Amino acid sequence: MGLVCRGGIRLGPLVVKPQPRLGVLVVLLSLCASCLSSSFAHAKRTPRPSVQPPPPSQPVPAPASYPALPIRAVCLGGWLVTEGWILPPLFDGIPNKDLLLLGATTCAVYEQDGTQLQFKSALRKTYLTADQGGGGAVVANRTQASDWETFKLWRVNETTFNFRTSGNQFVGIGASDGIIVATATAPRLPETFQIVRCPFDKNRVRIKAANGYFVQAIATGEVIADYGEPTRWSDFDASVFLMTKVGEQLQGEYQLCNGYGTDKATPVLRDHWSTYIVEDDFKFIASSGLTAVRIPVGWWIASDPNPPAPYVGGSLQALDNAFKWAEKYKLGVIIDLHAAPGSQNPWEHSSSRDGTQEWGTTDANIAQTVQVIDFLASRYATSPSLFAVELMNEPRAPRATLDSLIKYYHDGYNAVRKYSSTAYVVMSNRLSSGNSTELLQFASGFQGAVIDVHYYTVFNKMFSNFTVQQNIDFIKTNFSGELTAVTTQNGPLTFVGEWVAEWNVPNATKEEYQKYATAQMNVYGQASFGWSYWTVKNAKNHWDLEWMIKNGYISLKG
């Protein structure tokens, strides 16, 4: 998506929202070609990375047994790194998923980490605001809501929460008089609140501070926790607010573990790990004509069986089982670090707590990530199925800088080579960088290096009104052109690490889906390392490769 994972489209340098009609398509394709040309020109001007690759050495030999290049793989998404949309029932038992009655006259609202909320005073008709995004007093003086009026929820337990501002400060009581401020860089007791919801109108709430009083908006615009009276929930009560949820709710590993709590999350996840993907799935994958699996893992797996809170142990045993089954059915394994410490993008599949992206902002964070790669490479280096290690999935620009990523890829590559001279090392392009070739010069210095690119049309509104043929033509022209630009004769191998045969064409026939899938496989089959479908199982049928194969939408044989 000009690059955005499962929330936008990976178009390399192209990010276009509006949908052109057929008559404008030729112009659009011309513009895309122009964008690509501009990107290539920019790539030539990119200065050499500050961290240089080692001098060329002998080529890394391919693994002795299997598989051959290019591979045809499938991602085991939603297994060892949770994504709620892949398997929604995993979240059904979370106590804070629904409203729970706490008494005859009050009920608390239980939300998940990362939920974004806005609060409008029922009396003043103004929103709670962290001016400048935080750093000072919280006021109630704006009639329109935007970023400063939006707060991210952190769940402390089933009844208490922290509110994080857009500037990443935490809301709390700043003085003995109950004045509400947003100045704390880390939450403590003064930054803890309860949200009490009206029993007959779930959008009416009161916010109870740590001093035992309710927050109210007074006439001067100040916000103070000093209201101790009961309420009838009317518009004349200054402690009553109208609460609105905004944005999409995150449903990742962090939300699941913190939502259930360790005691409840442990049996839920261990049951999931032992039943969602089993040996028969590997047998089916191999018999269907696939040659490898790409397995997303989270950084906390390196601390198994006692990962830091709120994560729970047990996923490492599942990964051990995966290698055992892969060896039995002669499948290659790509270990994919899908969730890095601090989160390399703001989405749930990087296990971000609240949409904040902090990976790579310090040397210590990069070193911690290298340690995870070191652990994984050392553990599986002797397995004949260890085909590749993907150092990171979908780091997002500009927060993940090119300098930080190059430093990490340099050190991560060396960590793999400490234990294996044959495993390929996959380096994912940055999402939203606008330059799909920015890693070429760097990665070309590493033997056995692979650049990973992801191509989707389904997330971008640009394709909302595309016909079947327009979608296919875009794959054959634009995605093919970008893949060709990244695939150079003496450069790193190329890998389409994620794609799917889903689109925005309404009421498409089975035959049309078959044509769309075939067109993608023909184009992505030109990648020198191969491709991998997202995912093997999914609640949505066309995202589920097993369903697509069993129902005749995709054939990998012959």
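The values are calculated or read from the model by the stated rules, or taken from the named source; none is laboratory data. Since the structure is predicted, the reported quantities are computational estimates derived from the model, not experimental observations. Methodologically, a virtual Cβ is constructed for each residue, glycine included, from the backbone with ideal geometry; neighbour enumeration extends over all protein chains shown. Quick note on the areas: whole protein, heavy atoms, side chains included, nothing else; ligands and nucleic acids left out. Shrake-Rupley method; radii C 1.70, N 1.55, O 1.52, S 1.80 Å.
Some values worked out for this structure:
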{"quantity": "Packing-based order for 126-136, 163-173, using average beta carbon neighbours within 10 Å, highest first", "calculated": "163-173, 126-136"}
{"quantity": "Gain in span if fully extended, T362 to F236, counting 0.36 nm per residue against the direct Cα distance", "calculated": "40.5 nm"}
{"quantity": "Relative packing of 336-346, 405-415, 374-384, which averages over residues the other C-beta atoms within 10 Å, highest first", "calculated": "336-346, 405-415, 374-384"}
{"quantity": "Dipole axis of region 320-386 (+1 Lys, Arg; -1 Asp, Glu on Cβ), positive-most option in T356, A377, S343", "calculated": "A377"}
{"quantity": "Helix 262-275 axis, angle to the chain major axis (alpha carbon atoms, nearest 10°)", "calculated": "30 degrees"}
{"quantity": "Convex hull of Cα atoms in region 361-439, direction-averaged projection (nm²)", "calculated": "5.1 nm²"}
{"quantity": "Cα pair distances of region 486-539 binned at 10 Å [whole percent]", "calculated": "22, 43, 26, 8, 1"}
{"quantity": "Charge sum, other residues only, whose C-beta stays under 9 Å from L402's C-beta, Lys/Arg counted +1 and Asp/Glu -1", "calculated": "-1"}
{"quantity": "Whole-number D in µm² s⁻¹ for region 415-538, Kirkwood Cα-pair radius fed into Stokes-Einstein, 10 °C, 1.306 mPa s", "calculated": "102 µm²/s"}
{"quantity": "Percent of beta bridges antiparallel (DSSP, the chain, rounded to nearest 5)", "calculated": "55 percent"}
{"quantity": "Taking the C-alpha atoms of region 228-313, convex hull volume expressed per residue in Å³", "calculated": "206 Å³"}
{"quantity": "Candidate lysines for bridging to K125, where Cα separation is under 28 Å - those fewer than 8 sequence places away on the same chain excluded", "calculated": "K152, K202, K208, K245"}
{"quantity": "Sequence-distant aspartates and glutamates (8 or more away, or on other chains) whose Cα lies within less than 16 Å of K328", "calculated": "E279, D280, D281, D320"}
{"quantity": "Tilt relative to the chain, helix 510-524 - C-alpha long axis, 0 to 90 degrees, to 10", "calculated": "70 degrees"}
{"quantity": "Charged-residue dipole, Cβ positions (Lys, Arg, Asp, Glu), the chain about Cα centre, Debye nearest 20", "calculated": "940 debye"}
{"quantity": "Accessible surface, per residue, of the chain when the full set of protein chains is kept, probe 1.4 Å, Å²", "calculated": "39 Å²"}
{"quantity": "Lys, Arg +1 and Asp, Glu -1 on Cβ, resulting dipole of region 118-222 about Cα centre, debye, nearest 20", "calculated": "360 debye"}
{"quantity": "Coarse-grained scattering of the chain at q = 0.08, 0.09 Å⁻¹, given as base-10 log I(q)/I(0) from a Debye sum over alpha-carbon atoms", "calculated": "-0.58, -0.72"}
{"quantity": "Charged-residue dipole, Cβ positions (Lys, Arg, Asp, Glu), region 329-374 about Cα centre, Debye nearest 20", "calculated": "200 debye"}
{"quantity": "Under 17 Å from the Cα of K515 - lysines, other chains or at least 8 residues apart", "calculated": "K476, K550, K557"}
{"quantity": "Contour excess over end-to-end distance, with Cα ends at A381 and T467 and 0.36 nm allotted per residue", "calculated": "26.3 nm"}
{"quantity": "Cα Rg, Dmax, region 190-336, angstrom units", "calculated": "24.3, 72"}
{"quantity": "The chain - percent of accessible surface contributed by carbon and sulfur, probe 1.4 Å", "calculated": "52 percent"}
{"quantity": "Nearest-ten-degree value, helix 22-45 long axis tilted from longest Cα axis of the chain", "calculated": "80 degrees"}
